[in-house]
1. What FRET efficiency comes out for ARG151 versus THR182 if R0 is 25 angstrom and r is the Cβ-Cβ distance? Round to the nearest 0.05.
2. Could you rank the peptides 94-106, 207-219, 187-199 by their average count of other C-beta atoms within 10 Å per residue, with the highest value first?
3. Between ALA45 and ASN107, take the C-beta separation as r, use R0 = 22 Å, and let me know the FRET efficiency to the nearest 0.05.
4. Considering only the other residues whose Cβ falls under 11 Å of the Cβ of TYR123, what net charge follows from Lys and Arg at +1 and Asp and Glu at -1?
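Bear in mind that the values in this text are calculations on the coordinates, not laboratory data. Quantities reported herein were computed from a predicted structural model and do not represent experimental measurements. Ideal geometry is used to build each Cβ from the backbone, glycine not excepted, and the neighbour counts take in all protein chains shown.
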Amino acid sequence: MARRTRTISSACLLLPLLLSGCESGARQDPLEHPGSVMATRMPAASSGHMYHESTKSLTSTPVAYEEPPTLSYADRPLLENISASLELADYLHALRQADLARLLGRNGPFTVFAIPNEPLERYAATIPGGGLMAPSNAALLHRVLAYTIVRGNWSPQAIDKAMAKSKTTRIALRTMSGDVLTVSRGQNPGAFVLLNGSGRETRIWLNGAPQSNGVLYFTQDILPPNG
């Protein structure tokens, strides 16, 4: 009986050793770069326009129409983060129609100055010939969107460094449309203003969210290459 007890005890000691030998010490992480999770909350205002106060229902409150937070993840490409933003739904649709969306899924790096829904819709409606998205305006659509994309990783830090090196408060970036986009310092520290060839300007809404293949900005308004 004592010998049988010793045999069982030995087996019990051996079993955990066998089981532990089957386990992997590698960390399981669904993200491409384990431990590199960094997210930036993307701005949103589109759903705020859906709320209209009503006296007929006690459930009609702004809370019911609150925009769910959307995050831009630093280890994901521009195309994936842009696709996650409700505020950039029209911009994404336009990128696809102009055959530029796939570009933002590549290695890059690219810097994108994305246009929110409302200013893009407002501008699109002013274009004669059926609007900006009409097939007859395909060349204009491509130029307007390509003007929002610059090759290279122009993070706020990189822009600051370039300005310091050139001892100026503005730099010129060559966009994928071939037109020059000027980035100037804003009134507030760390803020930037964008200017086109005609001197028209717009401010930055989201100031440079890092991406796995570049950097993402939101503009406050649309900035056509000229005019």
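1. Values: r = 16 Å, r/R0 = 0.66.
Using R0 = 25 Å, I get an efficiency of 0.95.
2. On the way: 94-106: 17.2, 207-219: 21.9, 187-199: 13.3.
Peptide ranking by packing, descending: 207-219, 94-106, 187-199.
3. Numbers: r = 32 Å, r/R0 = 1.44.
Calculated value: 0.10.
4. -3
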